[in-house]
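See below for the structure under consideration.
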Amino acid sequence: MGLLARIRKEWFIIGIVVAIACARLEPSVGVKGGPLHPEITVSYIAVSAIFLNSGLSLKTEELASALLHVRLHLFVQCFTLIFFPLCIWVLVHVLELTSMNQWLLRGLQTVGCMPPPVSSAVILTKAVGGNEAAAIFNSAFGSFLGIVVTPALLLLFLGSSSAVPFSSIFSQLFMTVVVPLLIGQVLRWLKEWLERARPPFGAVSSAVLLLIIYSTFCESFSRPNTQIDHISLLLLCFIVFSVQLSFMLLTFVITSRPASGFTPADTVAVIFCATHKSLTLGIPMLKIVFAGDENLSLVSVPLLVYHPAQILLGSVLVPTIRAWMNSRQKALKLTSLQPI
């Protein structure tokens with residue numbers, strides 16, 4: 001395989017490296033208020049583009065079928081909003097025996113209380129070829145559910161309560177998720193043209209994800225925290241990646257068993273939706289919960305590390321997970337064709 005062919009095949013991985021490098025060189029471009037204006041281009045336009053793209057590419061019958069997949073939805077929501085925060089609570093109590101900064105540990109617990117995001121899990125599921133419809137439902141439903149559940153979890157685990165701006169968050173989620181998805185479904189009356197032209201839906205979603213990766217790392221690189229020693233920061237990064245890998249492996253093992261009743265495509269959706277956490281809802285909520293607290297920046301660090309880490313880790317694992325899903329689907333198809 002020639003160099004150009006290799007670059008075309010691995011363009012997304014190369015794009016991740018370039019996006020992170022550009023963010024590191026000049027983070028001010030992609031931060032809030034910067035030339036890129038991510039508070040508009042990412043929070044609204046990019047997320048809307050993701051769900052408009054999904055609405056166009058998803059068959060209406062597939063979306064309707066996903067809504068009835070109650071077992072999958074129940075598993076994802078219970079895992080991310082019950083099992084996840086409980087495990088982090090146990091981990092935090094163990095880490096309290098070390099010399100790790102206590103405010104970083106409180107921040108780690110807040111990560112566990114967050115709902116799934118509305119964009120990254122959907123894009124990664126689509127990139128693999130998993131059950132995109134189920135990913136859309138769980139990401140959107142989890143975000144709406146998180147508006148109520150997350151403050152209750154923060155009160156339970158941290159003793160902190162917050163007056164969440166329900167109306168503003170609800171309206172943003174509705175305008176960036178529900179409306180574009182419905183518009184995409186309405187535009188599917190161009191069904192014959194879509195099947196003939198075969199627009200590059202996957203490439204569009206991947207390009208949008210690169211924009212999200214870039215703006216996320218710009219935000220992270222623009223917030224150097226001098227109060228954190230390098231050892232604590234490295235330890236935190238190690239913990240975050242370990243938690244993500246462990247939960248991804250756990251969800252994979254549980255849902256890939258034949259007795260689970262989930263298809264390989266379902267497993268892909270669960271892996272991403274149940275283990276990812278929302279920065280969009282998380283940061284505003286932390287600013288409310290810890291308003292006026294001088295340790296807010298420290299509490300925010302674990303979420304700021306977790307968010308880019310989940311996108312980076314998920315993106316790197318896309319080829320591996322896709323290869324597993326394709327091989328598993330082929331094996332199941334061959335099995336079903338064999339005479340009894």
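How many residues are charged (D, E, K, R) and either open to solvent by less than 20 Å² (accessible area, probe 1.4 Å) or in contact (Cβ under 8 Å) with a residue 24 or more places away in the chain (or both) when one looks only at region 69-102? Please lay out each step first, then the result.
First, pick out the residues of region 69-102 that are charged (D, E, K, R): 71, 96.
This time we only want the ones that are either open to solvent by less than 20 Å² (accessible area, probe 1.4 Å) or in contact (Cβ under 8 Å) with a residue 24 or more places away in the chain (or both), so: 71.
The qualifying residues number 1.
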Look at region 103-131 and say how many of its residues are farther than 17 Å from Leu286 by Cα, out of contact with any Lys or Arg (no Cβ under 9 Å at 6 or more places or on another chain), part of a helix (DSSP H, G or I) and open to solvent by 20 Å² or more (accessible area, probe 1.4 Å). 1
Residues of region 152-181 satisfying the condition of being at pLDDT 75 or above and under 20 Å from Cys87 (Cβ atoms): Ala152, Leu153, Leu154, Leu155, Leu156, Phe157, Leu158
Search result, residues across region 32-54 that are touching a Gly at 6+ places or on another chain (Cβ under 6 Å) and in a loop (DSSP other than H, G, I, E, B): Leu36
Test of understanding: among Ala64, Ala23, which residue is at pLDDT below 80, among the small types (Gly, Ala, Ser) and either in a helix (DSSP H, G or I) or under 16 Å from Ala134 (Cα atoms) (or both)? Ala64
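The values are calculated or read from the model by the stated rules, or taken from the named source; none is laboratory data. Quantities reported herein were computed from a predicted structural model and do not represent experimental measurements. Methodologically, a virtual Cβ is constructed for each residue, glycine included, from the backbone with ideal geometry; neighbour enumeration extends over all protein chains shown. To get the accessible areas, we keep the full protein, side chains included, count just its heavy atoms, and leave off ligands, DNA and RNA. Shrake-Rupley method; radii C 1.70, N 1.55, O 1.52, S 1.80 Å.
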